[in-house]
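Engineer: Dumping the structure here so I can ask a few things about it.
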Amino acid sequence: MVNSDPAARRALPSVDRLLSNSAVATLVARFGRVLTTDTIRALLQMHRDKLAQNASAFEFDEARFTAECEQSLLRQTQPSLRPVFNLSGTVLHTNLGRAVMPQSVADAVMIAMTRPVNLEFDLDGGARGERDTHVEKWITRLAGGDGAVVVNNNAAAVYLALNTLGGQRGKSEIIVSRGELIEIGGAFRIPDIMKRAGVKLVEVGTTNRTHLKDFAEAISPRTAAIMKVHTSNYAVQGFTAAAPEPELAALAHEHGIPYIVDLGSGMLVNLEDYGLPHEPTPREALANGADLVTFSGDKLLGGPQAGLLVGKKDLIARIRKNPMKRALRVDKMTLAALDALLRLYTNPDKLRDEVTAIRLLTRTQAEIRTQCERVLPHIQSALTGKAEAKVIDTGSQIGSGSLPVDSLPSAGIALTPAGKATRSFADKLSLAFRALPVPVIGHIRDGAFVLDLRCLDRADHEGEFIAQLKQLRLKNSI
Ligand SMILES: *Cc1c(COP(=O)(O)O)cnc(C)c1O
């Protein structure tokens, strides 16, 4: 639409004119000429459209335009990956990046990022080295086994293990119990992974009960391995039976085939020592006769995204030779992080202080409740007349499919409507908290918006959380 008022139209300055404005010149210096010019063009176009719609009400204010331009540039250049407060009640939240890592781990990554490192270089011999050696000795020391391989994540570890085992001539069947054909979020399903890895799944037993003889009857000359999958994100309860692991391992070995275990989370220490529910460890699986165990780096272990394979030397050597290892290998940052993290595990007495994930998981309900009482008045004053806030007992989830039926006694702040309840109350509140400079992620339970403070353990983060509450913008309608 063409504007009929030439005087008003002329009221819009040209891009060049705006660029000569000293405030805009500052923006050019900060954000660069290209981005600033593009932004000015886009904003001018918006103003031109407004002008076309209602010329009489239109007024161009250059100072306001410059401020709009700065806001837009700040929005555009804000990093996409931003820190958030995870008050969702799920500690290892896959969508929020799973494990938060200790500063010592971050420092190690920083060195690997900003300086050349001996990633695949043997400093003694001066020859080419193998990147996994940086962590292999720690993994085998902490988990057992004779060798270890590290790949992109546990899904990759399972894939690589299956693909390697299935690559033997004439042997392509893997036997798994029907009760263990898991699906992990994000389309990781054991049957699909098997297909893609080029092996044939042989399911045995029933959903709730599988016996040793089911495995024994399924073994054929084509069997490549017996596999056990830790049912990490669900539990089969009631009338159930599973073949004991040592017997499964013995059966596999009688037939000269490996017994492999996907532990999912996996943990290098006994979590019961930290007052947490037991989670099977790779050491236990190996002691039960497993030839190969796979587990995640960023679940209970509390490190970077990675998949760890640990076990017998010959299997590890075959896995290392698989060309897919090259496609699934980890980078120097992951190795630096894992190396720094695994060193912390060599001193179990200090794990609670030093490994962030363990510290968060072991915070007591009393400690979290005290913190809630301290934070409560700040939330109440930020939401006066809009919401009622009170401290409640909650149960935190470990997350990432670890220990799905166990919840950790925790405490939180529940927000309910001050006036009459509206259906969308909790949704609107959760939107407002997400819109804060450091977005706050809570969860909705029984119509209330709940902030579980288990993961707000650092004093400086608590201060930051409280300080930004005054920026909460709530519509009056809630
Ligand atoms: C989580 C999980 C996986 C996938 O691990 P990622 O590290 O997320 O790739 C595989 N198997 C089991 C049993 C799991 O629990």
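Engineer: Looking only at residues in the range 210-224 that are in contact (Cβ under 8 Å) with a residue 12 or more places away in the chain and open to solvent by 60 Å² or more (accessible area, probe 1.4 Å), which one is farthest from G256 (Cα to Cα)?
Structural biologist: Looking only at the range 210-224, we keep the residues that are in contact (Cβ under 8 Å) with a residue 12 or more places away in the chain, and these are 210-212, 214-224.
Then keep just the ones that are open to solvent by 60 Å² or more (accessible area, probe 1.4 Å); that gives 211, 217, 221-222.
Numbers: H211: 20, E217: 15, P221: 10, R222: 12 Å.
Applying the filter and picking the extreme gives H211.
Engineer: Just to be sure, is E373 open to solvent by 20 Å² or more (accessible area, probe 1.4 Å) and within 28 Å of V105 (Cβ to Cβ)?
Structural biologist: no
Engineer: Which one is modelled with the highest pLDDT, of the residues in the range 1-28 that are open to solvent by 90 Å² or more (accessible area, probe 1.4 Å) and among the hydrophobic types (A, V, I, L, M, F, W, C)?
Structural biologist: So, considering only residues that are open to solvent by 90 Å² or more (accessible area, probe 1.4 Å) and among the hydrophobic types (A, V, I, L, M, F, W, C), the one modelled with the highest pLDDT is V2.
Engineer: Same structure again: Kindly list the number of the only condition in (1) more than 16 Å from the ligand (Cβ to nearest atom); (2) of a type in the set (G, A, S); (3) closer than 30 Å to A225 by Cβ that fails for A148.
Structural biologist: (1)
Engineer: Hey, can you tell me all the residues within the range 156-172 that are surrounded by fewer than 20 Cβ atoms within 10 Å (Cβ to Cβ) and either at pLDDT 90 or above or under 18 Å from A306 (Cα atoms) (or both)?
Structural biologist: G166, K171, S172
Engineer: Of all residues in the range 289-299, count the ones that are in a loop (DSSP other than H, G, I, E, B) and near the ligand (Cβ under 10 Å from one of its atoms).
Structural biologist: Kept after step one, since they are in a loop (DSSP other than H, G, I, E, B), are these residues of the range 289-299: 289-291, 297-299.
Cutting the leftovers down to near the ligand (Cβ under 10 Å from one of its atoms) gives us 297-299.
Number satisfying all stated conditions: 3.
Engineer: When H461 is evaluated against the numbered criteria (1) in contact with a helix residue (DSSP H, G or I) (Cβ under 6 Å, 6 or more places away or on another chain); (2) in contact (Cβ under 8 Å) with a residue 40 or more places away in the chain, which criterion, by number, is the only one it fails?
Structural biologist: (1)
Engineer: When only residues in the range 258-288 that are assigned to a loop (DSSP other than H, G, I, E, B) and free of Cβ contacts under 8 Å to residues at least 40 places away in the same chain count, which is most open to solvent (accessible area, probe 1.4 Å)?
Structural biologist: Selected residue: H278.
The values are calculated or read from the model by the stated rules, or taken from the named source; none is laboratory data. Everything numeric here is computed off the predicted structure, so don't read it as measured data. Backbone-built Cβ (ideal geometry, glycine too); neighbour counts: all protein chains shown. The area values use the complete protein model at the heavy-atom level, side chains included, leaving out ligands, DNA and RNA. Shrake-Rupley method; radii C 1.70, N 1.55, O 1.52, S 1.80 Å.
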